[in-house]
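The values are calculated or read from the model by the stated rules, or taken from the named source; none is laboratory data. Given the structure is predicted, the values throughout are model-derived calculations rather than measurements. We place every Cβ from the backbone using ideal geometry, glycine too, and count neighbours over all the protein chains shown. All accessible areas refer to the heavy atoms of the entire protein, side chains included, with ligands and DNA or RNA removed. Shrake-Rupley method; radii C 1.70, N 1.55, O 1.52, S 1.80 Å.
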Amino acid sequence: MKKDKELTIVEHLLEFRKRFMAVLLCFLLVFCGSFVFAGDLYSFLTAGFEQKLLVLGPNDILWVYVNLASIMAVSLTLPFSFFQIWQFVKPALRQGEVKAALLYIPASFICFVLGLLFGFYFVSPAILQVLLSLGDGLFETQLTAQNYLLFLLHTTLPMGILFELPVIVAFLTRIGLLNPSWLIHYRRYAYFVLLVLAVVLTPADFISDLAMTVPLILLYEVSIFLSRFVYKRKRRK
């Protein structure tokens, strides 16, 4: 009996390794393809600047290409990663949980993309404009490509990840691990955690923290609304 259990654990580890290697291979293939188009992505991201951004050496050029290709690879590999995770945990789920998980995979990717778009078109320009206005008449500001892309990374990627909150809450409510009453009861603590996250994930200034905290609080309220909807629908069934 013990031997069978150990075999089962080994089989699970082999299955996890197979899924992980598939995700890693997918990432590497997408990375190589993305590297070719990294220049086009850079042109799109910096289209709002009248002058070209500075680079301080050839290493910075390589840094730009590698980081843009990595971001593209992570984003495009995400749906495949979710699918592999679902395939790995599928045997342990009940029939209803399997259907729920399958529905939430595309929703997770859509929310991630929406978070990136929200961060790029709303959060990043607002923070950048405020920060640059603070230096008017005081400094001669020269943005480098590396500094600007790091700024974008800090203001867009966290939004993409945090936009997953409503989907995660809805899924956990669907399988019975969460309910709207619990979310409402711990709302004040959740606000504090979100504030800490905003401070950690954004550049160290009050404007950035505020610009990140407000959307996070709204996301939490949307999560409560979705939890109520899923919970009531589940009770009716």
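Counting the residues of region 40-53 that are surrounded by 13 or more Cβ atoms within 10 Å (Cβ to Cβ) and more than 16 Å from Leu152 (Cβ to Cβ) gives 0.
Of the candidates Leu143, Leu128, Leu165, Leu132, the single residue that is farther than 26 Å from Met21 by Cβ and buried (at least 19 other Cβ atoms within 10 Å of the Cβ) is Leu165. Being over 30 Å from Phe35 (Cβ atoms) and of a type in the set (A, V, I, L, M, F, W, C) is a property that Ala107 lacks. Picking from residues in region 75-92 that are over 13 Å from the mean Cα position of the chain (by Cα) and in contact (Cβ under 8 Å) with a residue 60 or more places away in the chain, the one that is least open to solvent (accessible area, probe 1.4 Å) is Gln84.
Yes/no per residue for (1) touching a strand residue (DSSP E or B) at 6+ places or on another chain (Cβ under 6 Å); (2) open to solvent by less than 40 Å² (accessible area, probe 1.4 Å); (3) in a helix (DSSP H, G or I):
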residue	(1), (2), (3)
Ser124	no, yes, yes
Gly137	no, no, no
Leu153	no, no, yes
Gly176	no, no, no
Leu183	no, yes, yes
Phe192	no, no, yes
Thr213	no, yes, yes
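Might you check whether a residue that is modelled with pLDDT of 85 or more, among the aromatic types (Phe, Trp, Tyr), assigned to a helix (DSSP H, G or I) and within 30 Å of Pro106 (Cβ to Cβ) occurs anywhere in region 48-64? Scanning region 48-64 turns up no residue that is modelled with pLDDT of 85 or more, among the aromatic types (Phe, Trp, Tyr), assigned to a helix (DSSP H, G or I) and within 30 Å of Pro106 (Cβ to Cβ).
Being part of a helix (DSSP H, G or I), modelled with pLDDT of 90 or more and small (Gly, Ala, Ser): is that true of Ser133 here? The answer is no for Ser133.
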